Amino acid sequence: MTIVNTQPFPWLDRIICGDARHMDEVPDAAVQLVITSPPYNVAKDYSDHNDNLSLDQYVNLLNAIWRECYRVLAPGGRLCVNVANTDRKPYLSLVSVIDEQLRLSGQTWLHRGHIIWDKGASAGISTAWGSFGRASNPTLRDVHEYITVWSKDQLKLEDGGETGVSGNQFVAWTRSIWRPEELLPELQKKIAEKLADARKRDKDDAWIAESIARAVWGQAVVPGETVWEMTTESSVAHPAPFPVELPKRVIALYTQPGDVVLDPFMGSGSTAIAAKLTGRHYVGYELSAEYCQLAAKRVTGLATART
Ligand SMILES: C[S@@+](CC[C@H](N)C(=O)[O-])C[C@H]1O[C@@H](n2cnc3c(N)ncnc32)[C@H](O)[C@@H]1O
């Protein structure tokens with residue numbers, strides 16, 4: 001479904017400040033894609049959510065959300081969940097927990113595979129080796145996350161037309177390991193060209209930043225944010241944002257312009273931004289009023305910077 005006139009859809013292009021266990025505003029089968037990243041239950045300091053639940057409580061929370069996602073997805077619509085495994089002791093494979101939940105849910109979820117999000121250099125320099133150079137207890141330090149991909153009821157999305165991705169992007173993004181840094185040499189070249197041109201024309205720093213953002217990233221600057229960081233979003237005032245590039249690729253691969261993208265854990269609004277940048281509609285839920293405001297500001301900033 002491609003929505004052009006949004007008037008009859010008051011829930012569209014909105015971030016609803018509320019609990020995604022009850023997405024009553026969103027009608028059945030109205031959404032083509034869910035892309036989201038749940039809290040990982042690792043005691044992060046969220047403003048309203050308790051990120052230190054028992055495993056049972058945590059699983060119940062996620063189950064309620066997946067049930068609602070199933071209801072609002074169109075047949076063949078995809079659920080893409082970005083999640084990291086957690087190194088609580090013992091190590092807990094959250095992606096396995098979520099896959100099992102979906103497989104045993106009683107709803108017809110069809111597994112499509114895992115994308116490995118290789119965080120590469122941005123994964124930090126954890127030195128939690130367990131035992132360094134000794135066999136007693138070498139410990140793995142994850143430098144990747146997952147996106148587990150599922151389809152509702154059937155493999156094909158009805159009316160799934162042209163997405164707008166290039167042939168190269170399609171080939172790269174249907175490979176199961178995504179390495180954001182692969183783009184860096186090309187980006188650096190473009191940035192160097194833009195900078196040289198701007199200096200020649202005596203432009204100020206703000207102009208240069210805006211111009212590079214548009215040319216290099218195909219997006220406008222969100223005021224106050226760093227746009228160069230593709231693999232993490234360290235400058236956003238939220239404890240666990242994902243990089244806009246992540247939902248942007250998922251959206252570009254699995255939907256066409258005008259489709260509707262849902263994020264039940266909207267946080268700082270990265271999915272809404274990615275949807276806008278790719279010409280899709282969005283709807284999201286977020287428990288915290290503070291993060292709802294932050295998300296609204298980021299989305300509005302995007303619109304302002306583009307006009
Ligand atoms: C991992 S963060 C999502 C970050 C987001 N992807 C971004 O880029 O900013 C999870 C978010 O889910 C929110 N949350 C937790 N429980 C929720 C619920 N039941 N309904 C809606 N939001 C919830 C938290 O407040 C937190 O902002």
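The values are calculated or read from the model by the stated rules, or taken from the named source; none is laboratory data. The shown structure was predicted, so the numbers you read here are calculated from the model rather than taken from an experiment. Note that we place each Cβ from the backbone using ideal geometry, even for glycine, and neighbour counts take in every protein chain shown.
Would it be correct to say that Asp45 is surrounded by fewer than 17 Cβ atoms within 10 Å (Cβ to Cβ), within 9 Å of the ligand (Cβ to nearest atom) and farther than 27 Å from Arg249 by Cα?
So Asp45 does not fit the description; no.
Report, by residue number, each residue of segment 14-42 that is surrounded by fewer than 18 Cβ atoms within 10 Å (Cβ to Cβ) and touching a Ser or Thr at 6+ places or on another chain (Cβ under 9 Å).
Hit for segment 14-42 is Val42, nothing else.
Within segment 202-217, is there a residue that is assigned to a loop (DSSP other than H, G, I, E, B), at pLDDT 70 or above and among the acidic types (Asp, Glu)?
So far as segment 202-217 goes, yes, one or more of its residues are assigned to a loop (DSSP other than H, G, I, E, B), at pLDDT 70 or above and among the acidic types (Asp, Glu).
Considering only residues of segment 48-62 that are outside any loop (DSSP other than H, G, I, E, B) and either touching a Leu at 6+ places or on another chain (Cβ under 6 Å) or not polar (S, T, N, Q) (or both), which is nearest to the ligand (Cβ to nearest atom)?
Per the criteria, the residue is Leu61.
Being outside any strand (DSSP E or B) and at pLDDT below 85 narrows it down to one of Leu140, Leu183, Leu157, so name that one.
Leu183
Which pairs do you get when a residue that is within 15 Å of Ala30 (Cα to Cα), found in segment 7-19, comes within reach of a residue that is of a type in the set (Val, Ile, Thr) and more than 16 Å from the ligand (Cβ to nearest atom), reach meaning Cβ atoms under 6 angstrom, with the pair 6+ apart or on two chains?
Leu12/Thr6
Going by what's in this entry, would Gly301 be described as more than 9 Å from the ligand (Cβ to nearest atom) and either farther than 17 Å from Ile147 by Cβ or in contact with a Phe, Trp or Tyr (Cβ under 8 Å, 6 or more places away or on another chain) (or both)?
yes
Within segment 66-90, track down each residue that is within 20 Å of Ala43 (Cα to Cα) and of a type outside the set (D, E, K, R).
Val81, Asn82, Val83, Ala84, Asn85, Thr86, Pro90
Only residues that are more than 6 Å from the ligand (Cβ to nearest atom) and within 10 Å of the chain's Cα centre (by Cα): list them for segment 258-272, please.
Answer for segment 258-272, where residues must be more than 6 Å from the ligand (Cβ to nearest atom) and within 10 Å of the chain's Cα centre (by Cα): Asp263, Met266, Gly269, Thr271, Ala272.
Test of understanding: among Tyr70, Tyr40, which residue is over 14 Å from Leu287 (Cβ atoms), touching a strand residue (DSSP E or B) at 6+ places or on another chain (Cβ under 9 Å) and near the ligand (Cβ under 8 Å from one of its atoms)?
The match here is Tyr40.
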